[in-house]
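Chemist: Just dropping this structure here.
Nothing in this text is a laboratory measurement; each read-out follows from the coordinates by a stated rule. As the structure is a prediction and not an experimental result, all values here were calculated from the model. When we count neighbours, we look across all protein chains shown, and the Cβ atoms used for this are built from the backbone with ideal geometry, even at glycine.
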């Protein structure tokens, strides 16, 4: 029963009258209350055979707990938890308890809000500004989102990271993998640490984060530790092809741990490396000529375009030509894979696009990340991004790659049976 009061709540200057949001909150409150009531009724129905010696039901409704506000994407939604009483328990250990899966006892926020916090942080909002930023979204009466609460969440992120790092990979198979090391200047001691990321494509065409750890540098030892760790946890089948930039550390480690995996150099990195060796006045034309090579419909035509490139620039820009030709085979390895996958295999863009946001965060708030916080925040962002990754094009071709079917210039090679008479 509500106690009468003559206290009038004054409207704050920064408050905005939004009848639509109020209607949504009222509807959400009714729906949540109904869902919790139905959940309690289902629980009581499942336990209706439990009886006291005199025949009465052992479990009965016992009112509601105190009303509390649950923070949601449309602001606070007040709701009361259903109570169920066990009349037959002789001790607390024997008591049957009802716990709502929709509304856990200590819940104060929806999980979607917890997932939003690291993304806001990485977008350039510091913990001290969270309250103001979220108030604009959730209303001025948004509790449980103070800087202290945000700081405590990092502990749960650390537990999540530890569980993810120890997960079993014996049932996983990755047809392709992309590897990259990303440097972040985020108060990581005197020398910037390197975030090593490994993303894999499953036979169903889904992209997943396979490995993630911090290395001192993008060295062979750092990559070896990452690859050995994923293999130790059950990833015994080598990927068909690995895509990465020209960092020798990764390729050296890959040949040691997964010697059967083909090398595919990233054309995005290679183009940047080649253009860095020529004057800006030449870069636009040279970039178009490089595109002619990796966009050729067949490997033979790519080889011809490469020879044309060498003849055109070899005399004047020998360093740029040598940078390109030294990785000739690794740059054209994608021609031995289905044509539908070429766009995916020519670049490490699946990793680069994710870390563009991370770099934005560290530029906006220089010096605001400790090494541990940076690692956890980057991990949370990568995992959040992975839920929205689209499947590979031509996913029906992946089982053929796994089965060892030969492809030439993107097309499946089929044997021509000899129909000649004996």
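Chemist: Looking at the stretch 392-415, which of its residues are assigned to a loop (DSSP other than H, G, I, E, B) and more than 12 Å from residue 340 (Cα to Cα)?
Modeler: Selection gives 403, 404, 405, 406, 413, 414, 415.
Chemist: Also, I was wondering about something else. For residues that are touching a strand residue (DSSP E or B) at 6+ places or on another chain (Cβ under 8 Å) and not in a loop (DSSP other than H, G, I, E, B), tally how many sit in the stretch 222-244.
Modeler: Count: 11.
Chemist: With (1) part of a helix (DSSP H, G or I); (2) within 37 Å of the chain's Cα centre (by Cα) as the list, and residue 297 as the residue in question, which single condition is left unmet?
Modeler: The failed condition is (1).
Chemist: Residues of the stretch 245-256 being out of contact with any strand residue (DSSP E or B) (no Cβ under 9 Å at 6 or more places or on another chain) and crowded, with 21+ Cβ neighbours inside 10 Å, which ones?
Modeler: Just the residues of the stretch 245-256 that are out of contact with any strand residue (DSSP E or B) (no Cβ under 9 Å at 6 or more places or on another chain), to begin with: 248, 252-253, 256.
Result: 253, single match.
Chemist: Go through the stretch 267-282 and give me each residue that's free of Cβ contacts under 8 Å to residues at least 40 places away in the same chain, touching a helix residue (DSSP H, G or I) at 6+ places or on another chain (Cβ under 9 Å) and surrounded by fewer than 17 Cβ atoms within 10 Å (Cβ to Cβ).
Modeler: 276, 282
Chemist: Go through the stretch 283-320 and give me each residue that's free of Cβ contacts under 8 Å to residues at least 40 places away in the same chain and in contact with a strand residue (DSSP E or B) (Cβ under 9 Å, 6 or more places away or on another chain).
Modeler: none
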